[in-house]
1. Using the Karplus curve 6.51 cos²θ - 1.76 cosθ + 1.60 with θ = phi - 60°, work out ³J(HN,Hα) for each residue of the range 143-149 in order, rounded to whole Hz, and write x for Gly and Pro.
2. Return the sequence-ordered ³J(HN,Hα) values of the range 52-64 in whole Hz as given by the Karplus equation 6.51 cos²θ - 1.76 cosθ + 1.60 applied to θ = phi - 60°, using x for Gly and Pro.
3. Which residue, Thr49, Thr57, Thr116, has the most motion in a Gaussian network model of the chain that connects Cα atoms within less than 10 Å?
4. Just subtract the alpha-carbon distance of Ala148 and Glu106 from 0.36 nm times their residue separation and send over the number in nm, one decimal.
5. Could you work out which residue, out of Val82, Val39, Val55, moves most in a Gaussian network model of the chain, that is, has the largest mean-square fluctuation with Cα springs under 10 Å?
6. Starting from the amide H of Trp44, placed 1.01 Å from N in the peptide plane, find each other amide H under 5 Å away whose residue is 5 or more places distant or on another chain.
7. Could you derive backbone 3J(HN,Hα) for the range 164-170 from the dihedral phi with the Karplus parameters 6.51, -1.76 and 1.60 (θ = phi - 60°), listing whole Hz in sequence and x where the residue is Gly or Pro?
8. Could you tell me how far the Cα centroid of the range 99-177 sits from the Cα centroid of the range 5-33, in Å?
Amino acid sequence: MTGYSWISVDMRALARPSEETSRAFLRELRFTPGWREDVPTLAWTMPETGAPDWVSTIELARLVSDRARAAVEPLLGTEDCVQWLPATLTTYEGDTLAYWVMHFPEPFDPYDERRTVRGPSGIPLPGRAVVSRARTAGRDVIAPQLEAASLLVSDRMLTGMLDARLTGWDCRIATVA
């Protein structure tokens, strides 16, 4: 049986957007589904040393390194839909590295309707989300609607991320029914 874990980005080092980065585009990316054709410049700068594979940004963009994409992409499930938007990350030392924004163009609700308790906004209450195994079949990475700060990954994806020794993230086991 497939289990799932919540992946969250380490928020201690928050990358800052460059002046060219379109904040309006990033806001739309979070709240408006669909495939993107005309992607503007997406660039961030790290305020301290290091370049983690999963980078936290004030805009909650899902910013990942080339290494992270190389580890995650081959493990995508048959039902997963991820658009990789090109981006850059400039390190504190001044090196500019290729990064990607993971965009999920198709909204998806992975929750078990009977067991999940939701708040007035429609978002599951903390500790009250139950992932539906039936709904998530064929999916290894899920970006639940209205939850821009985290991802849900299958055990298979989690193992791949651990094997690749990706940095900048943490996880906790999700409740699945």
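The values are calculated or read from the model by the stated rules, or taken from the named source; none is laboratory data. All of these numbers come straight from a predicted model, not from anything done at the bench. Quick reminder, even Gly has a Cβ in these numbers, built from the backbone with ideal geometry, and neighbours come from all protein chains shown. These area figures cover heavy atoms from the full protein model, side chains too; ligands, DNA and RNA do not enter into them. Shrake-Rupley method; radii C 1.70, N 1.55, O 1.52, S 1.80 Å.
1. With coefficients 6.51, -1.76 and 1.60, one gets 10, x, 3, 6, 10, 6, 8 Hz.
2. Coupling constants for the range 52-64: x, 6, 10, 10, 8, 10, 4, 7, 6, 5, 8, 8, 10 Hz.
3. Thr49
4. Between Ala148 and Glu106, full extension yields an extra 13.7 nm.
5. Judging by the Gaussian network model, the answer is Val39.
6. Sorted by chain and number, the residues that satisfy this are Ser18, Thr88, Leu89, Thr90.
7. Each residue of the range 164-170 in turn: 7, 6, 5, 10, x, 9, 9 Hz.
8. Here the answer is 17 Å between Cα centres.
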